[in-house]
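Structure record follows, encoded as structure tokens.
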Amino acid sequence: MPELRILIVDDEAPARARLRELLGDIAGEVPNVVTGEAENGVAAIACLAEAAPDVILSDIRMPKMDGIELARHIATLPNPPAVVFATAYDAYAMQAFDLNAVDYLLKPVRAARLAAALGKARLLHPPTEVLAALQPEGRSHLSCHERGRLLLVPVSDILYLKADLKYVTARTREREFLLDESLTHLEEEFSVRFIRLHRSVLVAREAIVGFERNTADDAETHWLALVRDIDDRLPVSRRQWPQVKSYARQLST
Amino acid sequence: MLRLLLGVNLLALAVALVLASDVLSWPLRYVELAVWVEPLLLSSLLLLAMLRNALWRIPYVVAVVVVIGLVALQAALLADFWRFMGFVDGGWSSLLRAALLAAMAAALMLAYFDLRADALSPAVTEARLQALTARIRPHFLFNSLNAVLSLIRAEPKRAEHALEELAELFRALMRDNRELVPIADEIALCRQYLDLEKLRLGERLRVLWQIDDLPGELLVPPLMLQPLLENAVYHGVEPATEAGEIRIAFARRGDELQIVLENPVVPGGAHAAGNRMALGNIRERLALHYDLEARLEAGEANGVYKVTMVLPCRN
């Protein structure tokens with residue numbers, strides 16, 4: 001049996017050290033090698049290519065990006081590594097996992113329990129619906145695939161999202177990212193942060209700096225929204241204009 | 001006394017509504033009843049006030065029977081008096097009816113006072129305090145145990161020390177925590193707790209104590225500060241990538257002790273519900289210990305979350 005390549009993700013250094021020790025202890029039974037360590041979800045994704053793990057052992061509660069969101073991004077990979085959660089106590093997540101037969105480890109982790117989890121880990125990935133339900137407030141990052149790599153885009157950096165034929169484009173100050181998501185789902189997940197301007201455009205509320213009349217002869221849209229930091233003009237559909245206008249009024253008062 | 005007068009009249013009002021055929025005749029019925037009820041009520045009160053000392057001396061259950069019996073007897077006598085005056089028709093059954101009604105009203109009022117006394121008794125307050133006494137987050141216990149486990153092979157001495165501290169912390173949490181304790185003990189407990197958190201959080205947790213001119217024998221409610229610190233670590237340090245500093249300052253102002261606790265606010269790390277619950281719990285315990293003499297305020301300004309607790313000084 002080839003060695004399992006393992007990536008350990010936990011924000012507490014002693015907890016990472018402990019898992020490493022245990023993995024060493026069970027190496028005779030389940031051959032494994034720790035190919036990377038990360039202290040949160042963002043760092044884990046950054047070292048993914050290098051660590052090339054078969055299994056990610058991840059804590060749930062971590063700064064920057066928690067384990068639940070990490071697993072959601074991982075799930076979008078073509079051949080995702082398995083994710084096994086290890087948590088000290090997270091009543092809410094534990095209940096959801098129990099209900100949906102998702103395997104997880106309780107810290108302090110026991111060697112036998114860890115070996116058992118790794119034994120079947122190759123087959124497992126927590127179902128994305130369960131993970132999504134555990135994050136009612138939405139993800140902190142969106143992810144996209146570029147040349148075989150998983151790139152993270154912080155939601156707070158996104159100025160607007162625009163749907164084209166098949167893809168959704170996320171525009172940050174620096175550049176555009178192609179996402180494999182639907183605009184409708186994004187609108188639902190981030191309704192607090194983004195407002196719909198047009199059938200195909202969501203803009204970050206705080207990125208709107210003004211509106212101007214559309215001088216083109218296009219009768220469809222009379223108004224264009226100006227966006228902070230970039231020169232793009234976004235069309236406001238006639239249908240959305242009243243809502244957008246009332247939001248802008250609220251702001252100016 | 002006032003509660004008794006109000007209670008009996010409320011009963012009379014209710015009975016009047018039952019007797020009345022519609023809402024408009026309700027007041028009229030009540031006035032008719034009042035002619036009956038008020039003389040009886042006042043004379044009963046007078047009689048019971050005179051017998052007060054004798055009633056205190058006999059056992060509670062006997063006293064209850066005596067009181068109900070006396071009221072019933074008075075009602076019967078009064079009914080007989082009305083008959084004698086020619087206001088109503090007499091007869092045994094009407095006398096008995098008056099006596100039974102009065103007895104029931106008396107029993108109801110006695111039951112009400114009994115319940116009220118139970119609700120306000122010191123035993124209930126004590127039980128309430130016990131229930132409210134801080135419970136440490138399971139999250140903290142298991143993470144700490146995990147951190148100690150990670151030390152055993154590499155640094156056995158540090159692991160020993162950490163386990164001893166954990167044991168002491170839990171001993172403090174499990175003892176009877178209803179009495180006030182010297183503030184020096186409470187501070188020692190908090191230091192132990194923070195040492196354990198440092199074990200797993202390392203450099204991410206910084207603590208600044210400002211304790212000047214604080215008599216260690218000053219008495220405070222036990223486990224008031226530790227849950228606040230636990231909140232500060234959980235919401236202000238753990239979710240942050242950079243190191244976070246928790247500041248604890250004590251100041252004595254006249255006969256008041258002011259404790260201020262500050263921690264950084266982590267953007268996006270809002271778990272407000274748990275925090276509000278902890279604050280509500282502490283506020284209630286402060287009220288049980290000090291009534292209105294203690295205050296607890298919490299708020300956020302300029303990226304800092306601040307909790308201020310003011311207690312009266314007791315030695």
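The values are calculated or read from the model by the stated rules, or taken from the named source; none is laboratory data. Just so it is clear, the model here is predicted, and its values are computed rather than measured. Because the Cβ atoms are built from the backbone with ideal geometry, glycine has one as well, and the counts that use them run over all protein chains shown.
Here's the yes/no breakdown for (1) among the hydroxyl-bearing types (Ser, Thr, Tyr); (2) more than 14 Å from chain A (Cβ to nearest Cβ):
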{"residue": "B:Ala188", "(1), (2)": "no, yes"}
{"residue": "B:Tyr193", "(1), (2)": "yes, yes"}
{"residue": "B:Leu201", "(1), (2)": "no, no"}
{"residue": "B:Trp209", "(1), (2)": "no, yes"}
{"residue": "B:Gly216", "(1), (2)": "no, yes"}
{"residue": "B:Gln226", "(1), (2)": "no, yes"}
{"residue": "B:Asn231", "(1), (2)": "no, yes"}
{"residue": "B:Gly236", "(1), (2)": "no, no"}
{"residue": "B:Ala249", "(1), (2)": "no, yes"}
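Only one of the listed residues (B:Glu203, B:Glu217, B:Glu186, B:Glu179) is crowded, with 18+ Cβ neighbours inside 10 Å and of a type in the set (Asp, Glu). That residue is B:Glu186. B:Gly299 meets each of the listed conditions (1) away from every other protein chain (no Cβ under 14 Å); (2) in contact (Cβ under 8 Å) with a residue 12 or more places away in the chain apart from (2).
When residues in the range A:33-44 are screened for being buried (at least 23 other Cβ atoms within 10 Å of the Cβ) and more than 13 Å from chain B (Cβ to nearest Cβ), 1 of them pass.
Look at the range A:213-253 and say how many of its residues are within 16 Å of A:Val201 (Cα to Cα) and part of a strand (DSSP E or B). Residues that pass the stated criteria total 9. Under the condition of being surrounded by fewer than 24 Cβ atoms within 10 Å (Cβ to Cβ) and not β-branched (Val, Ile, Thr), the residues counted in the range A:49-65 number 9. Taking strands (runs of 3 or more DSSP E) as the structural unit, those lying wholly within the range A:72-183 and holding at least 1 residues that are within 14 Å of chain B (Cβ to nearest Cβ) and of a type in the set (Val, Ile, Thr) correspond to A:82-87.
Checking the condition at pLDDT 80 or above and of a type in the set (A, V, I, L, M), which residue from B:Ala127, B:Ala103 passes?
Working: B:Ala127 fails: at pLDDT 80 or above.
Checking each option against the conditions leaves just B:Ala103.
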